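The values are calculated or read from the model by the stated rules, or taken from the named source; none is laboratory data. Everything numeric in this text was worked out from a predicted model, so none of it was measured. Cβ atoms come from the backbone with ideal geometry, glycine included; neighbour counts cover every protein chain shown. Side chains included, ligands, DNA and RNA excluded: accessible areas come from the protein's heavy atoms. Shrake-Rupley method; radii C 1.70, N 1.55, O 1.52, S 1.80 Å.
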Amino acid sequence: DFLIADATVQIKSRLNNFKDLELIVCSVASLRGLGVKQINLYVPYVLGARSDRKFEDGGNNYLKDVICPLINSLGLDSVTVLDPHSDCLEMGLKNFIKIDNRYFVKWAISQINNTRDNISLCSPDSGALKKIYYVGDFLGLKGDVISCSKSRENDGRLSKTVVPEFDVTNDIVIIDDICDGGQTFINIAKEILGRECEGKIYLFVTHGIFSKGFGELQQYFEAIYTTNSFQDIQAEPFVKQLNVF
């Protein structure tokens with residue numbers, strides 16, 4: 001006879017807020033009460049994904065000190081995350097499984113009308129650069145990689161965006177893991193357009209928060225490609241989503 005204790009259960013959650021974490025904890029408690037021994041967690045996006053360090057005296061490393069210990073306390077067999085922002089989750093979560101962004105980018109590239117021979121990949125900052133070279137090699141893209149840099153004021157506001165020289169005849173694909181308000185990407189697009197770029201500009205972001213909407217983004221990008229890890233975006237043809245949740 002089938003015993004529920006022998007089952008392997010996967011919990012799926014868009015871990016966007018603390019209420020989602022509470023529901024995960026309650027679900028695990030209920031499953032343990034039924035005798036389930038093997039429980040896997042799939043959270044493509046993780047609450048506080050960018051809070052991977054202590055930002056000020058008296059603060060805390062939100063992922064390392066709060067989120068990871070709570071999830072680890074559940075004794076899960078695996079915790080799977082899509083394109084994590086930094087190595088903090090990999091170091092902090094037990095039984096961590098990372099899904100990188102290669103297949104998302106492969107899907108997004110296939111959606112645009114381009115032969116791949118005239119695409120330049122653009123890294124918004126040094127943190128994303130290693131991923132972009134990895135993706136470019138995986139897809140066999142031969143175009144240049146544009147490595148941008150940015151600086152911020154003490155209050156976190158962007159103060160300067162630097163875009164190096166690039167092939168103005170190519171389409172430009174900016175790739176990153178998260179888009180919140182999108183100001184970094186808008187600043188890069190402004191710089192690119194200011195140099196009379198002949199190609200189209202696309203934005204590929206794994207996790208689309210879009211806290212400031214799409215009005216200004218539409219002024220600079222041909223289209224945005226993202227997943228539905230954070231939310232489903234309805235009635236917005238400018239945004240194309242790959243279903244991962």
Residue count for region 176-222, restricted to those that are among the aliphatic types (A, V, I, L, M) and farther than 22 Å from residue 83 by Cβ: 2
Extreme residue, modelled with the highest pLDDT, among residues of region 100-118 that are in a loop (DSSP other than H, G, I, E, B) and farther than 18 Å from residue 239 by Cβ: 100
Residue count, region 21-41 (criterion: open to solvent by 30 Å² or more (accessible area, probe 1.4 Å) and either within 21 Å of residue 85 (Cβ to Cβ) or in contact (Cβ under 8 Å) with a residue 60 or more places away in the chain (or both)): 0
Given (1) touching a residue at least 12 places away in the same chain (Cβ under 8 Å); (2) open to solvent by 50 Å² or more (accessible area, probe 1.4 Å); (3) in contact with a strand residue (DSSP E or B) (Cβ under 7 Å, 6 or more places away or on another chain); (4) not basic (Lys, Arg), index of the condition residue 117 fails: (3)
Some residue of region 136-147 being modelled with pLDDT of 90 or more and open to solvent by 60 Å² or more (accessible area, probe 1.4 Å): yes
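Per-residue answers, yes or no, for (1) hydrophobic (A, V, I, L, M, F, W, C); (2) outside any helix (DSSP H, G or I); (3) within 22 Å of residue 228 (Cβ to Cβ); (4) modelled with pLDDT under 95:
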site	(1), (2), (3), (4)
5	yes, no, no, yes
19	no, no, yes, no
28	yes, no, no, no
51	no, yes, no, yes
58	no, yes, no, yes
Answer residue from region 69-99, given it is farther than 23 Å from residue 179 by Cα and assigned to a helix (DSSP H, G or I) and is most open to solvent (accessible area, probe 1.4 Å) among those: 91
Strands (runs of 3 or more DSSP E) (entirely within region 199-245) containing at least 2 residues that are crowded, with 18+ Cβ neighbours inside 10 Å and touching a Cys at 6+ places or on another chain (Cβ under 6 Å): 201-208
Count - residues of region 47-72 that are among the charged types (D, E, K, R) and closer than 14 Å to residue 85 by Cα: 4
